[in-house]
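Structure first, commentary second.
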Amino acid sequence: MESEISHEEHGHRGAFFIVQDGKRVAEMTYSRTSPTLVIIDHTEVDKSLGGKGVGRRLLDATVQWARGTGTKVMATCPFVKAQFDRDPSIRDVLA
């Protein structure tokens, strides 16, 4: 069963994340720099979920959210930067 991805934003910080057994096992964090721009700064996935595409699922959820809210994205996270370099289909949200 695929775990649900949740989203939270408090002040200028936000995250897309997965919780299993009450513990956050994967997350992608961002900072909001303006009402229409966020910078994805970190992605972390528990070793038990490594190699299962969880990081990409977090990014896909972030891209879907960005499209739906008209938010543009920049990335300082190396994982996210690499994903944008590899996949032109998600670059429409880049600032």
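Asp41 satisfies every condition listed in (1) under 19 Å from Asp92 (Cβ atoms); (2) under 13 Å from the mean Cα position of the chain (by Cα) except (1). Pairing residues of region 9-37 that are closer than 14 Å to Arg57 by Cβ with residues that are among the charged types (D, E, K, R) and not in a strand (DSSP E or B), at Cβ distances under 6 Å and at least 6 apart in sequence or on separate chains, gives Val25/Asp46.
Residue pairs whose Cβ atoms lie under 6 Å apart, separated by 6 or more positions or on different chains, with the first residue in region 50-63 and closer than 12 Å to Ile18 by Cβ and surrounded by 16 or more Cβ atoms within 10 Å (Cβ to Cβ) and the second β-branched (Val, Ile, Thr) and modelled with pLDDT of 95 or more, are Val54/Val45; Gly55/Thr43; Gly55/Val45; Ala61/Ile5.
For region 44-73, the candidate set comprises residues that are in a loop (DSSP other than H, G, I, E, B) and within 14 Å of the chain's Cα centre (by Cα); within that set, the residue that is farthest from Glu2 (Cα to Cα) is Thr71. Scanning region 13-33 for residues that are surrounded by fewer than 12 Cβ atoms within 10 Å (Cβ to Cβ) and in contact with a strand residue (DSSP E or B) (Cβ under 9 Å, 6 or more places away or on another chain) returns no hits. Within region 44-95, being within 19 Å of Ser31 (Cα to Cα) and at pLDDT below 95 holds for no residue. The one condition from (1) part of a strand (DSSP E or B); (2) under 19 Å from Ser89 (Cβ atoms) that His7 does not meet is (2).
The values are calculated or read from the model by the stated rules, or taken from the named source; none is laboratory data. The structure displayed is predicted, hence computed values, not measured ones. So basically every Cβ, Gly included, is an ideal-geometry build from the backbone, and we count neighbours across all protein chains shown.
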